Amino acid sequence: MNKILITDDEKDIRYILMELLAKRGFFAIEAADGKTAIEKLKSERPDAVLLDYKMPGMDGLQTLREIKKIDPSVPVILLTAYGEISFAVEAIKSGAYDFITKPPDTESLANLLRRSIEKSALEKEVKRLNSAVGASIEGMLGKSAPIKRVIEQMASVASSDFSVIIQGETGTGKSTIAELIHNMSRRVSKPCVRVDIGTIPETLIESELFGYEKGAFTGAERNKKGYFEAANSGTIFIDELENMSEGVQSKLLSAVESKKVFPMGSTRPVPLDVRIISAVNKDLRQLVKDSRFREDLFFRLSEFVIMLPPLRERTEDILFLAQKFAKEAALELNKRLPEFAEETLNILKGYPWPGNVRELKNVVRRAVLVHGGETLLPEHMDFPMNDTREYGRDLPLLPLKEISSIASRDAERKAIKKVLGISNGNKSKAASILQVDYKTLLTKIKQYNIE
């Protein structure tokens, strides 16, 4: 039985309402004034509050505001006289669910209470699920502020049918983000089809995307569904969108606008109900400015854009992910879970990770495979794209403020030179790796006369 707190200064009205609601399956408790209602709210935790406007001491509006401070989720329904409608409107702005005029129709009041309780329960469940999903996703992606922002964006867009562009460097986890968005959406029970444009020969992209009819071209010996038709009612994830030719861009735009595709060799359109999520390694806006990507298609596909930060810009996640990957690898390889030496952790934090999360996972997996059961030392870290000695014990790539506090000015100068070399002279990227602002780095470069 749902518990209703009836708050009215008139005892007879409270009694009548309690009796009427009891007959309709509610359990009612009462309060004669706002102060008592606040106390009952804390001790009884009602499912809804029925609140009169005119009461001695705290009036209905004051009581409502106090209730919302204590429990924003509890629905509050106002009882008002005909001349108090303007107050009721103000109360709804302050968080009331609805209002009903005196004397209330019992059935209407009961239905209003049921709807308010159902809505409140649904909101609580959604909040609980979102919190659980958010915690689960954090366990997969990391806990840094930039990643939490990405998770918030994913939660915001997942329930919609907005087309999404995920922009980020190679290895940042764009396909994982796309899959998570699909799994959080209403299309979760439908297909999620991935298309990697970079791996399909230019001559085959159109037929692979849109399908073909038997005899459409030499070798077309049977009808074949394209990726779009295979993803119908679900999600299509287009990876490396920037590699799509102008001709295919034009056909994709037509498919998106008309919500149908024509398989090659066919005059029969295939209706589409598909959500499009795209991933790009480059700045698509710049490609549009350079006339290398259609502006109209960009606007069609970019209803929502998620910028996925590189791993070097979220160092808080590096150690978390390294330990996560070590646990997964140890379990898979039936090895004892190794520990990371402090020096190793410093190197992992300082390394710029050009291959991002994918590179970190590979480095850790290799270390566990070869040295599982041991303490993982700096020499166990094998960076395929770099000389591991570059990140050895003598000069780990720590944040510049940490280097300054533990080493000489010469070490600080060497660290800056090294990072400028890694970033190919890109000072913005170097500042990000060293975790200092751009102006500070310029000052240091001038101070040490670094070319």
(request) Can you tell me the FRET efficiency between Lys259 and Ser136 if r is taken as the Cβ-Cβ distance and R0 is 41 Å, rounded to the nearest 0.05? (result) 0.80
(request) Let me know the shape class of segment 297-349, please: from the alpha-carbon gyration tensor, a ≥ b ≥ c as square roots of the eigenvalues, rounded when a/c is under 1.5, otherwise prolate if a/b is greater than b/c, or oblate. (result) oblate
(message) With 10 angstrom as the radius, rank Asp105, Asp98 by how many other C-beta atoms surround their C-beta, starting from the fewest.
(response) Asp105, Asp98
(message) Helix 409-422 against the longest principal axis of the chain: what's the angle in degrees, Cα atoms only, rounded to the nearest 10?
(response) 90 degrees
(message) What is the angle, in °, between the Cα long axis of helix 246-258 and the longest principal axis of the Cα atoms in the chain? Nearest 10 is fine, range 0 to 90.
(response) 10 degrees
(message) To test your reading of the geometry: what angle, between 0 and 90 degrees and rounded to tens, separates the Cα axis of helix 145-158 from the longest principal axis of the chain?
(response) 60 degrees
(request) Holding the Cα-Cα limit at 32 Å, pick out from Lys282/Lys361; Lys327/Lys417; Lys124/Lys174 the pairs that are longer than that. (result) Lys327/Lys417
(message) Skipping prolines and chain starts, which residues have an amide H placed within reach, meaning under 5 Å, of the one on Ala28, given they are 5 or more residues away or on another chain?
(response) Ile4
(message) For the ranges 68-74, 25-31, what's the packing order if you count other beta-carbon atoms within 10 Å of each residue, average per peptide, and put the highest first?
(response) 25-31, 68-74
(request) Tell me which residues come under 5 Å, amide H to amide H, from Ser278 once H is placed; ignore anything under 5 positions away on its chain. (result) Val164, Ile165, Ile166, Ile238
(request) Sticking with the crude label model, points 7 Å out along Cα→Cβ, report the distance from Leu20 to Glu90 in nm, one decimal please. (result) 2.6 nm
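Fewest Cβ neighbours within 10 Å first, please rank Leu51, Leu333, Leu61 accordingly.
Neighbour counts put them in this order, fewest first: Leu333, Leu61, Leu51.
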(message) Quick check on the chain: helices-only [θ] at 222 nm, where DSSP H runs of length 4 and up contribute -39,500 (n - 2.57) each and the sum goes over total residues. Nearest 500, please.
(response) -15500 deg cm²/dmol
(request) Please list the non-local residues whose amide H lies under 5 Å from the amide H of Ser266, H modeled 1.01 Å from N, same-chain partners needing a gap of 5 or more. (result) Glu213
(request) Please turn the phi angles of segment 34-47 into ³J(HN,Hα) values with the Karplus equation 6.51 cos²θ - 1.76 cosθ + 1.60 (θ = phi - 60°), one per residue in order, whole Hz, x for glycine and proline. (result) x, 4, 5, 4, 4, 5, 5, 4, 5, 8, 9, 6, x, 7
(request) Would you work out if segment 2-122 is rounded, prolate or oblate? Take a ≥ b ≥ c from the square roots of the eigenvalues of the alpha-carbon gyration tensor; rounded if a/c is under 1.5, else prolate when a/b is larger than b/c, oblate otherwise. (result) rounded
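Classify the chain as rounded, prolate or oblate from the Cα gyration tensor: take a ≥ b ≥ c as the square roots of its eigenvalues, call it rounded if a/c is under 1.5, otherwise prolate when a/b beats b/c and oblate if not.
oblate
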(request) Return the sequence-ordered ³J(HN,Hα) values of segment 193-200 in whole Hz as given by the Karplus equation 6.51 cos²θ - 1.76 cosθ + 1.60 applied to θ = phi - 60°, using x for Gly and Pro. (result) 9, 9, 10, 9, 4, x, 9, 9
(request) Please arrange Glu221, Glu206, Glu152 by counting, for each residue, the other beta carbons lying within 10 Å of its beta carbon, fewest first. (result) Glu221, Glu152, Glu206
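FYI, it's all coordinate maths here, none of it is from the lab. Treat the numbers as computed from the prediction; the structure is a model and nothing was measured. Methodologically, a virtual Cβ is constructed for each residue, glycine included, from the backbone with ideal geometry; neighbour enumeration extends over all protein chains shown.
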